[in-house]
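Presented below is the structure to which this report refers.
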Amino acid sequence: MAHVRRRDDSETTSTSTSRGALESQPLLSATKESYVPGDSRLVATSSQALQGKNEQQDPRTMSLEEKEAEVNNRMAELEIMKKRVEEDRAALEDRKERLKKRERAFRRNSDEQSRNAENSTREVKKGVNNEFLKAVECPICSDILAAPHVLTCGHSFCFSDIHTMALNAFSLELDGFVNFHCPLCRVPILIPGYNPEVHKVAPPFYCSPCRPLQAVIELATRNMQDLGVEGWGEEGEELQRWKQREKEGQDLAEMIKLHWSNNDARDLFSSLKQSML
Ligand SMILES: [Zn+2]
Ligand SMILES: [Zn+2]
């Protein structure tokens, strides 16, 4: 029965506490460990811990001085608790600040990483494009292939370069073509001459458009636009120059092939050759 009454006293009389509470190490450490901001358990923990001390002295038997000392003790204890709460709050603020700093640093880092990733993607694209450019460079004029055509040996050149070789291979004396050789593999390229007395239909043209290369060239020029390579923008000088060469090459190929199928290629080459003299 006495035990129950003591418990009631400690819970209802907030000022009733022991003078020895402040010296009690277990109380300080227990409070510190269990304290969480806004946690009401703090009060319960301290009053439960204090209760142990109450067993030694009943407030009803205390003198006025003793009660006053008790109140002072309690006040001092509250001050300490207040200080501890403030310290914890400051530590929390400090932690929040450090977390914010870390977040900012992380964000800076990831920005930098994505910038680096963009740059390296750009470098890779540039590298790939340089490979493209090498693949679409004409071995004769060293420019980007324009109206690329493939010879029977499998090598491709600008149509205008092939036309120049064919023109050189036309002999006014023979009134026909002599063979020319591929400048890369030296294989003789036969230009079938048309002889109306022998041929019933015009012989096939001796080279054909290289469509796969055409696609690679278009891809390479588009890549150069995307990469912002100087001169390759929509109105860029290099792009316009290549477009012009491509158009001239295609027009020339159309014209020669038309004469070829009309069986008057020999006359055309003859007049072209004479105009060169
Ligand atoms: Zn060329
Ligand atoms: Zn060849």
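Quick note: the coordinates plus some simple rules give every number you see, no bench work behind them. For clarity, every value in this text was computed on a predicted model and none was experimentally measured. Because the Cβ atoms are built from the backbone with ideal geometry, glycine has one as well, and the counts that use them run over all protein chains shown.
Going by Cα centres, region 75-141 and region 256-277 are how many Å apart?
69
Give the residue from Cys210, Val178, Ala265 lying farthest towards the positive end of the charge dipole for region 148-276; charges sit on Cβ (+1 for Lys and Arg, -1 for Asp and Glu) and the dipole is referred to the Cα centre.
Val178
List, in order, the whole-Hz ³J(HN,Hα) value for each residue of region 118-134 obtained from phi through the Karplus relation with A = 6.51, B = -1.76, C = 1.60 and θ = phi - 60°; use x for Gly and Pro.
Rounded to whole hertz, the list is 4, 4, 6, 4, 4, 4, 4, 4, 4, x, 4, 5, 4, 5, 4, 4, 4.
Taking the highest mean first, how do the peptides 169-175, 98-104 order by number of other beta carbon atoms within 10 angstrom per residue?
My ranking of the peptides, most packed first, is 169-175, 98-104.
Give me a comma-separated list of calculated 3J(HN,Hα) values for region 166-179, in order, Karplus coefficients 6.51, -1.76, 1.60 applied at θ = phi - 60°, integers in Hz, x for any Gly or Pro.
Once θ is set to phi - 60°, the couplings for region 166-179 become 5, 5, 5, 7, 8, 10, 5, 5, 7, 6, x, 9, 9, 5 Hz.
Using 0.36 nm per residue, how much length does the chain from Ser142 to Arg104 gain when fully extended, once their Cα-Cα distance is taken away?
8.5 nm
In Å³ and rounded to a whole number, note down the convex hull volume per residue for the Cα atoms of region 148-276.
124
Can you give me the distance in nm between label points at Thr164 and Thr61, each placed 7 Å from the Cα along the Cα-to-Cβ direction?
Here the modelled spin labels are 12.4 nm apart.
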